[in-house]
1. Output the residues belonging to the range 32-56 that are in a helix (DSSP H, G or I) and surrounded by 15 or more Cβ atoms within 10 Å (Cβ to Cβ).
2. Provide a single number: the residues in the range 121-151 that are open to solvent by 50 Å² or more (accessible area, probe 1.4 Å) and either of a type in the set (D, E, K, R) or farther than 21 Å from L93 by Cβ (or both).
3. I'd like to check something: does the range 129-140 contain any residue that is without any contact (Cβ under 8 Å) to a residue 60 or more places away in the chain and in a loop (DSSP other than H, G, I, E, B)?
4. Which of the residues spanning the range 125-150 are hydroxyl-bearing (S, T, Y) and under 19 Å from V9 (Cβ atoms)?
5. Does T83 count as within 12 Å of the ligand (Cβ to nearest atom), open to solvent by 10 Å² or more (accessible area, probe 1.4 Å) and of a type in the set (S, T, N, Q)?
6. Using the structure shown, decide if D78 is away from the ligand (no atom under 13 Å from the Cβ) and either in contact with a strand residue (DSSP E or B) (Cβ under 8 Å, 6 or more places away or on another chain) or within 12 Å of F8 (Cβ to Cβ) (or both).
7. Suppose we filter A22, A60 for residues that are open to solvent by less than 20 Å² (accessible area, probe 1.4 Å) and not polar (S, T, N, Q); which single one remains?
8. Cβ contacts < 8 Å: first residue closer than 13 Å to S39 by Cβ and in a helix (DSSP H, G or I), restricted to the range 58-83; second residue among the aromatic types (F, W, Y) and at pLDDT 95 or above, any location; separation 6+ or different chain. Result?
Amino acid sequence: METPAVLFVCLGNICRSPLAEAAFRKAAQDAGIDVEIDSAGTAGYHIGSPPDPRSVEEAANHGIDISGYAGRQLSAQDFDRFTHIFAMDHQNLKNIEALRPAGSTTHVSLLMDLVPGREGAAIADPYYDGEEQFEATWEDVDAAAQALAGRLKG
Ligand code: 4NP
């Protein structure tokens, strides 16, 4: 089988998708899965920026250092590089699909579609909320990361 390559996408690539990337890097490592992993934003506001300090702190609470991650914007080339692209919410899902080149077979879906009982759910944007919302974000992305690792381990 082709080595899977998984991209997590939110709006800014500084709050939700870096946490999804971190949770899945850990889950894949724990499960011994060979997979390429990255994250990106549909918007270009935070290109080159480190994650939001609240995301850095939340990841650190789970033993993961994401302070070296750098924001980048999703591009059409990502459809060549990744077998799976996971969107944090419905608007991101639409914006991802709008960039899909003709003929691309990359699987694109909501991240929470991976979690039984949470199909169709969005991961709420925590940017304008308090730190407790980042904990809720972690719980969501970690549930999806565990489900994805289980699926890829098959
Ligand atoms: P993210 O959160 O999409 O989870 O990274 C946001 C980050 C920045 C902005 C919005 C959402 N912003 O408007 O700058």
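The values are calculated or read from the model by the stated rules, or taken from the named source; none is laboratory data. Note that this is a predicted model, so its numbers are computed, not measured. Every residue, glycine among them, receives a Cβ derived from its backbone with ideal geometry; neighbour counts consider all protein chains shown. In case anyone asks, the SASA skips ligands and DNA or RNA and just uses the protein heavy atoms, side chains included. Shrake-Rupley method; radii C 1.70, N 1.55, O 1.52, S 1.80 Å.
1. R54, S55, V56 - these are the residues of the range 32-56 that are in a helix (DSSP H, G or I) and surrounded by 15 or more Cβ atoms within 10 Å (Cβ to Cβ).
2. Looking only at that region, the number is 8.
3. Yes, the conditions are met somewhere in the range 129-140.
4. Y127, T137
5. no
6. The answer is yes for D78.
7. A22
8. These pairs meet every condition: A59/W138.
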